[in-house]
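Structure record follows, encoded as structure tokens.
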Ligand SMILES: Cc1ncc(C[n+]2csc(CCOP(=O)(O)OP(=O)(O)O)c2C)c(N)n1
């Protein structure tokens, strides 16, 4: 990544700031009783920096606090608000808990509520695509990494010899993850927050 790529870094900062602001909006809605539940993401904004390392065809199984990454991927504030209020018109049509964003067109997989179990699903996707060039990102918290499902997922990733992938260096970043840089990116990489 070019250290002086101002456009890239201001773009990432925009998503980070938008994520922080979304916390304020969601908390206000919860305080007013308009939303029954919301997931704060403050302190996790740097996850946006992963977006330049992904391509549009990579698959994401996000941690519910990865909002800045979801925004950088292409999730809109409107999507977040519709999900928050459980409305139709949101990518899950109001079926998901707020914070568990999903979007078929962004290859953003719907996360299960049980923490750690998204790792099992991520391994399943990684197995399905292992002969191609795409990777699967799996995000979870340190608590989730202590769940049996997470350890089963790691064991299965090893047993089925899911491959490491290398990406050529890239130098520019559009809004969504359709380009950027990176090297030695694993098809089954976990991010513990
Ligand atoms: C299997 C399971 N047990 C308990 C919960 C309730 N729960 C929701 S979030 C959470 C905390 C998870 O901590 P961590 O994975 O460290 O992520 P953090 O929320 O701290 O980012 C818990 C216990 C759950 N969703 N699933």
Hey, can you tell me all the residues within region 119-132 that are free of Cβ contacts under 8 Å to residues at least 40 places away in the same chain and either away from the ligand (no atom under 16 Å from the Cβ) or surrounded by 24 or more Cβ atoms within 10 Å (Cβ to Cβ) (or both)?
124, 127, 128, 131, 132
Which listed residue, of 139, 116, is modelled with pLDDT of 85 or more, buried (at least 16 other Cβ atoms within 10 Å of the Cβ), in a loop (DSSP other than H, G, I, E, B) and within 16 Å of the ligand (Cβ to nearest atom)
116
Residue check, residue 121 modelled with pLDDT of 90 or more and part of a loop (DSSP other than H, G, I, E, B):
no
Enumeration of residues in region 39-49 that are away from the ligand (no atom under 13 Å from the Cβ) and surrounded by fewer than 24 Cβ atoms within 10 Å (Cβ to Cβ)
45, 46, 49
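The values are calculated or read from the model by the stated rules, or taken from the named source; none is laboratory data. From a predicted model like this one, the values you see are computed outputs, not experimental measurements. Because the Cβ atoms are built from the backbone with ideal geometry, glycine has one as well, and the counts that use them run over all protein chains shown.
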